[in-house]
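> Have a look at this one.
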Amino acid sequence: MKYISTRGQAPALSFEEAMLTGLARDGGLYVPESIPVMPESDIAALAGLTYEEAAFRVMWPFLGESFGEAEFRAAIGRAYAGFGHPARAPLTQLGPNHFLLELFHGPTLAFKDFAMQLIGQLFEVALKRRGERVTIVGATSGDTGSAAIEAFRGLDAVDVFILFPHGRVSEVQRRQMTTPTESNVHALAVDGDFDACQARLKDMFNHFEFRDEVRLAGVNSINWARVLAQVVYYFTSAVSLGAPHRPVSFTVPTGNFGDIFAGYIAGRMGLPIRQLTIATNQNDILHRALTSGGYVTSGVTPSISPSMDIQVSSNFERALFDAYGRDGNAVAQLMDELKGQGGFTISQGAIDILRETFASGRASENETSAAIATTFAETGEILCPHSAVGVKVAQEQSVDTPMITLATAHPAKFPDAVEAATGQRPPLPNRMADLYERPERVTRVANDLDALEKIIREGRAS
Ligand SMILES: *Cc1c(COP(=O)(O)O)cnc(C)c1O
C-alpha cells in the first residue's frame, strides 16, 4: 500500500514514511492510493471481538510492509491498555434509536487518545528500528496537544513541542499539557488563536532547512495514521448495532475534519453508513461550505466547544481531493486561492459529490447549552459541549437507521460550561484527580516563526 499527496507533486510513500512525515513536501496531505474494501462477511465477523482485535483487522490492510503482524498487534495492545473502560469505545443510549459513542475513556479524556496512543507506540517501534530521533511539533486547540504529550512523554527517540493558543484552552486541557515532568515534553503558549498555531506549524514544515535540521515530524490530525486509528470505532459501534446487516448513521462534532473523514473512509471500506453528518459550532465554515458551495474563512469566534473553534479545516482537503476525482492540481489551486484570497468556490461537480456523502448542521452557543441541559434532565447523561453540538444536530436529522453521535470528550474537561448548563460540576476520574495541584511548566511565545524555531532548536535534547 502506497500513500499519495492530495496536491499530486510529492513522492508516494509507505505507511511508515507517511506516518513519520505528516505533511507532504508539496503542502498536501497523504491518502492511500486506493481504499481496501472489507467483505461483508469480514465486517460481520467483527461482532463480539475485543476492541484491540477489531482494530487489528480494520487497520491491517492499510499498513503494507511497514510493520509485522505480531509487532502491530503488540503496539495496539499497549496503546489501549491505559484506557479506563474495558470496551474502550462503549455505546450508551440517549433515546429511541439514538446512541452515544463514548470516546473519552483514554488518558486525556478525549477521542484523540485513540489515535495518539497508537501513533506513539508506532513511532517508538519504527524509530528504534531505524536508529533515528525526531522532533514532533503539534498545534492544538486543546485536546490534540494533551493527547500527544500523554502519548510521547518519556519516549527516548522523540522530543515533543506543542503550540497552543494562549488563554484559549480550558484549564484542564492546559494543565494536561503543562504538568508532565518529562524533559522531552515542551508546552508553548502562543500569542494567537488556533489557526495562527496551525499556520506557524505549516510554515515550519514548509521551511525545509529547519524541517530537515530538527527532523520535524507531525502528529496533527493531518497525519494519516491518526485518521486510520479513528476508522476503527466506526466499525465496532456499527457492528454492535447490527451492521453490516443493518445500516447505521453517524453525527460527528467536527473541527479539523479528521474524525469525520475517518467515518468517510469506513464507508468507502464497505461499512453501510446511511448518513454521515457534520456537526459544527458557531464556527461553521464546513456547514456554510456544504450549504452554499463557498468555502470562505471569516475569523474564529471563541466558543464553549473550543476544540472545534477553527476556520480552516485541514482534513477537508482530503475530501476535496476525492470530490475532484483525485486531481492534485485542482486541489493545489484551491489551496492557493484559500491562502491568497481567504476562500474558494467548490465546483458544481464536487459539491454534488460532497452533498451525497455528507449532511451538515450547526449549533449556536445557546443551543449547545440547551442540549447539555435537556440531555441531563431526560437521561441523566452529562455531555461535554462538543458532544452536545453533535447531539443537537443529530436530533434534527430524520433517518430510519440507528443514529450514533460521537461523544468526543469527557464533561470534566469542560466543567464551567457543563456547570452553567446543568448546575452540576462534573468531577475528574480518580486517576487524574490531583491535576489541579501539580506544578505547571510552559513557555509563552510570540506568534512568530523565527521565535518558535529558535525555542525548538534550543529545547531539543540533541
Ligand atoms: C479535536 C476535537 C474535535 C474535532 O475533531 P476533528 O477531528 O478536528 O474534526 C471535537 N471534539 C473534541 C473534544 C476534540 O478534541
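> Might you check whether a residue that is modelled with pLDDT under 95, assigned to a loop (DSSP other than H, G, I, E, B) and among the polar types (S, T, N, Q) occurs anywhere in region 419-426?
The answer is yes; a qualifying residue exists.
> Which count do you get for residues in region 246-259 that are part of a loop (DSSP other than H, G, I, E, B), within 16 Å of the ligand (Cβ to nearest atom) and modelled with pLDDT of 95 or more?
Looking only at that region, the number is 2.
Rundown of residues vs (1) over 30 Å from Phe235 (Cα atoms); (2) in contact (Cβ under 8 Å) with a residue 60 or more places away in the chain; (3) out of contact with any Ser or Thr (no Cβ under 7 Å at 6 or more places or on another chain); (4) surrounded by fewer than 22 Cβ atoms within 10 Å (Cβ to Cβ), yes/no style:
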{"residue": "Thr379", "(1), (2), (3), (4)": "no, yes, yes, yes"}
{"residue": "Ile404", "(1), (2), (3), (4)": "no, yes, no, no"}
{"residue": "Pro411", "(1), (2), (3), (4)": "no, no, yes, no"}
{"residue": "Pro415", "(1), (2), (3), (4)": "yes, yes, yes, yes"}
{"residue": "Arg425", "(1), (2), (3), (4)": "yes, no, yes, yes"}
{"residue": "Thr443", "(1), (2), (3), (4)": "yes, yes, yes, yes"}
{"residue": "Lys454", "(1), (2), (3), (4)": "yes, no, yes, yes"}
{"residue": "Arg457", "(1), (2), (3), (4)": "yes, yes, yes, yes"}
{"residue": "Arg460", "(1), (2), (3), (4)": "yes, yes, no, yes"}
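> Give the number of residues within region 290-320 that are part of a helix (DSSP H, G or I) and away from the ligand (no atom under 14 Å from the Cβ).
Residues meeting the conditions: 4.
> Working only within region 260-275, note down all residues that are open to solvent by 10 Å² or more (accessible area, probe 1.4 Å) and either within 13 Å of the ligand (Cβ to nearest atom) or assigned to a strand (DSSP E or B) (or both).
Scanning region 260-275 gives Tyr264, Ile273, Arg274, Gln275.
> Is it the case, given these coordinates, that Leu127 is more than 30 Å from Pro429 (Cα to Cα), touching a residue at least 12 places away in the same chain (Cβ under 8 Å) and in contact with a Phe, Trp or Tyr (Cβ under 7 Å, 6 or more places away or on another chain)?
no
> Still on this model: Just to be sure I understand, how many residues within region 225-245 are assigned to a helix (DSSP H, G or I), in contact with a strand residue (DSSP E or B) (Cβ under 8 Å, 6 or more places away or on another chain) and open to solvent by 20 Å² or more (accessible area, probe 1.4 Å)?
Residues meeting the conditions: 1.
> Yes or no: region 5-25 includes at least one residue that is assigned to a helix (DSSP H, G or I), farther than 23 Å from Ile136 by Cβ, open to solvent by 20 Å² or more (accessible area, probe 1.4 Å) and not polar (S, T, N, Q).
Among the residues of region 5-25, not one is assigned to a helix (DSSP H, G or I), farther than 23 Å from Ile136 by Cβ, open to solvent by 20 Å² or more (accessible area, probe 1.4 Å) and not polar (S, T, N, Q), which makes the answer no.
> Next up: One residue is enough: does region 72-84 have a residue meeting the conditions open to solvent by less than 10 Å² (accessible area, probe 1.4 Å), in contact with a strand residue (DSSP E or B) (Cβ under 8 Å, 6 or more places away or on another chain) and either assigned to a strand (DSSP E or B) or not basic (Lys, Arg) (or both)?
No; the residues of region 72-84 include none that is open to solvent by less than 10 Å² (accessible area, probe 1.4 Å), in contact with a strand residue (DSSP E or B) (Cβ under 8 Å, 6 or more places away or on another chain) and either assigned to a strand (DSSP E or B) or not basic (Lys, Arg) (or both).
> While we're here: Inspect all residues belonging to region 385-397 and state whether any of them is part of a loop (DSSP other than H, G, I, E, B) and open to solvent by 60 Å² or more (accessible area, probe 1.4 Å).
Yes - at least one qualifying residue is present in region 385-397.
> Also: Within region 101-132, how many residues are open to solvent by less than 10 Å² (accessible area, probe 1.4 Å) and over 18 Å from the mean Cα position of the chain (by Cα)?
2
> Would you please list the contacts, defined by Cβ atoms under 7 Å and residues six or more apart or on different chains, that run from a residue in region 170-182 that is in contact (Cβ under 8 Å) with a residue 40 or more places away in the chain and open to solvent by 10 Å² or more (accessible area, probe 1.4 Å) to a residue that is in a loop (DSSP other than H, G, I, E, B) and small (Gly, Ala, Ser)?
Ser170/Gly142
The values are calculated or read from the model by the stated rules, or taken from the named source; none is laboratory data. All values reported here derive from a predicted model rather than from experimental measurement. Counting neighbours? That spans all protein chains shown, and the Cβs are built from the backbone with ideal geometry, glycine included. To get the accessible areas, we keep the full protein, side chains included, count just its heavy atoms, and leave off ligands, DNA and RNA. Shrake-Rupley method; radii C 1.70, N 1.55, O 1.52, S 1.80 Å.
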